[in-house]
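Below is one structure, written out as structure tokens; comments come after it.
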Amino acid sequence: MKRADLELPDVDAIAVTSGPGLIGSLLVGLSVAKGIAFARSIPIVGVNHIEAHLLTPLAEGIELSPPFVGLAVSGGHTEFIFVKALDDLITIGSTRDDAAGEAFDKAAKLLALGYPGGPEIDKLSREGNRESYSFPRAWLGKDSFDVSFSGLKTALRYLLASMPAEKIEKEKKNIAASFQEAIVDVLVTKLFLAAEKFNVTEVVVAGGVASNSRLREEALREGKRKGIKVVIPSPSLCMDNAVMVAIAGALRLERGERANLFLDALPTL
Ligand code: KG4
Ligand code: ZN
């Protein structure tokens, strides 16, 4: 608010994430939002966190042209969504265990890197050879848009257990690059298979993991090859932020949607 040179009286509605997410975070956000809405007598509207990630490009003036396939990929979610219209989103696949960001974070921990692990692995991978190690890809069937990353994490654990500490230190960049490649390969392959199946000419990749440089590079390259428009928000807007919630809320308000002070937290929305 300070940076935008705005004060509370300038705000004419409040948008808040009602789900999905961790119940504690949702309740804190909802309490603050309801407090402001009540005190200022302004409308309140609840938004879906995944929807907010996928609509982020609108905040940068990038037009979205549904129908498109969205990939919302973060620390808590890996969801393939068929966006029929901006108010009609259908989940077509999701992770059966770890989210992609969670896999990056856990791998970083095994490699004794910092948290969050995604940016650390991304940085290290730039100096590594992504073909040095062969990590498993769980395809889960040609027609499935579900993903699974727990086997990949176990493969990394076994690989590290089989190596002396000095070798791990020497090979860290190559291991990180090969591990990252396994995640990117599955996400990009499934994204474009979904685009084909749902017959769309646009895909949107959003969420914290969408700031991964290799994922961006591969998605853009494959889009170019297949003649499919690839939209990815700027890295700074890929991670959780308030702008994406505001944009999703503004669209809902425009459609006449209003919540009230009974708006609930829905962790599995
Ligand atoms: O969307 P987000 O900020 O929060 C959730 O809704 O989870 O995503 C955070 C996740 C973390 O797991 C973090 O490691 C991952 O996004 N992440 C990355 C990169 N930057 C953030 N993963 C891979 N490469 C990155 N450059
Ligand atoms: Zn998020």
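The values are calculated or read from the model by the stated rules, or taken from the named source; none is laboratory data. What you are looking at is a predicted structure, and each value in this text was computed from that prediction instead of being measured. Cβ placement follows ideal geometry from the backbone for every residue including glycine, while neighbour counts extend to all protein chains displayed. The protein model used for the area step is the full one, side chains on, heavy atoms only, and it has no ligands, DNA or RNA in it. Shrake-Rupley method; radii C 1.70, N 1.55, O 1.52, S 1.80 Å.
Quick look at the numbers
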| item | result |
| --- | --- |
| Hits in segment 213-225 - residues which are open to solvent by 10 Å² or more (accessible area, probe 1.4 Å) and within 16 Å of ligand 1 (Cβ to nearest atom) | 213, 214, 216, 217, 218, 220 |
| Considering residues of segment 234-259 that are within 25 Å of residue 75 (Cβ to Cβ) and not aliphatic (A, V, I, L, M) only, the residue nearest to ligand 1 (Cβ to nearest atom) | 240 |
| Those strands (runs of 3 or more DSSP E) lying entirely in segment 11-74 with at least 2 residues farther than 16 Å from residue 231 by Cβ, open to solvent by 10 Å² or more (accessible area, probe 1.4 Å) and more than 16 Å from ligand 2 (Cβ to nearest atom) | none |
| Residue identified as more than 16 Å from ligand 2 (Cβ to nearest atom), modelled with pLDDT of 95 or more, in a loop (DSSP other than H, G, I, E, B) and farther than 17 Å from residue 97 by Cα among 174, 199 | 199 |
| Search result, residues across segment 89-141 that are open to solvent by 60 Å² or more (accessible area, probe 1.4 Å) and free of Cβ contacts under 8 Å to residues at least 12 places away in the same chain | 90, 109, 112, 115, 123 |
| Identity of the residue in segment 43-66, away from ligand 1 (no atom under 16 Å from the Cβ) and among the hydrophobic types (A, V, I, L, M, F, W, C), that ends up nearest to residue 254 (Cα to Cα) | 45 |
| Candidate set: segment 145-186, residues that are within 16 Å of ligand 1 (Cβ to nearest atom) and among the polar types (S, T, N, Q); chosen: the one most open to solvent (accessible area, probe 1.4 Å) | 150 |
| Within segment 226-246, tally of residues that are open to solvent by less than 40 Å² (accessible area, probe 1.4 Å) and assigned to a helix (DSSP H, G or I) | 4 |
